[in-house]
Amino acid sequence: MLSKIIYFTNKYDENQKIEFLYAIFKNDFIDNQTYLNQTIFIDPKSHDKTENKEKIFWHIVTKTNPRTKQREYDENRASRIKWIKEIILNYFDKEIKLFYHYENRQKVIRLYLWAYNYDFIVIIQKLGKKSSYLVTSFYIDKKYNKNIYEKRYNEYINKRDEKLKDCEWF
């Protein structure tokens, strides 16, 4: 179901990698609209940019360095950029664990699409009845994180969180 991971050789500098990855993001979400369940538009929020690229793009190819608090290029996220649209379009596949989670800090419900055998998550937030946006996507690189998402999935499936009552988008 998922494309091969993109492996860059050492002959490419970070700027070349970013431009290559941005071309994929642009094709998947800007030049060609993407819909979840064929009805919910995934808005790339092209009006919200940093360094002439959508902020969402930066969230899917970088992560915050805990020491410096700055976002830095992350090979694990970036190399899986093609997976994002594939996961959204194939959310119903048996390889994807779909669940909703209430984010306490933001006070919103977000949709998680977890390719659990591949340790990769896509997070989407609803904007309106027929629109949403890609919050982020990332590779789960620590065992404890996988346990967190397994717990959230089970809480949703077993209907343990009252905040998620009737939260489904489709």
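Every number here is computed from the coordinates shown, using simple stated rules; none is lab data. Just so we're clear, the structure is a prediction, and the values are computed from it rather than from any experiment. Note: ideal-geometry Cβ built from the backbone for every residue, glycine included; neighbour counts use all protein chains shown.
Tabulated data for the structure shown
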item	result
Qualifying GluC sites (Glu not before Pro) for the range 4-90 [loop in DSSP, other Cβ within 10 Å: at most 12]	E51
Distance from the range 25-94 to the range 111-142 (C-alpha centre basis), Å	9 Å
Per-residue Cβ neighbour rank within 10 angstrom, fewest leading, I81, I18	I18, I81
Tilt relative to the chain, helix 143-157 - C-alpha long axis, 0 to 90 degrees, to 10	40 degrees
Per-residue [θ]222 nm for the chain (sum of -39500 (n - 2.57) over DSSP H runs n ≥ 4, rounded to 500)	-8000 deg cm²/dmol
Kirkwood-type radius of the chain, with distances r between different C-alpha atoms, in Å	16.8 Å
Degrees separating the helix 14-25 axis from the principal Cα axis of the chain, which is the longest one	50 degrees
Local electrostatic count at K49 - Lys and Arg +1, Asp and Glu -1, tallied over other residues with Cβ under 13 Å	+1
Calculated FRET value between K4 and F41, using beta carbons and R₀ = 35 Å, to 0.05	0.80
Listed residues T39, T68, T136, most fluctuating in the chain (Gaussian network, C-alpha, under 10 Å)	T68
Share of pairwise Cα separations in the range 55-154, more than 19 Å, in percent	44 percent
Charge context of D166, other residues only, Cβ under 14 angstrom, K/R +1, D/E -1	+1
Residue among K130, K97, K85 with the largest mean-square fluctuation in a Gaussian network model of the chain, springs linking Cα atoms under 10 Å	K130
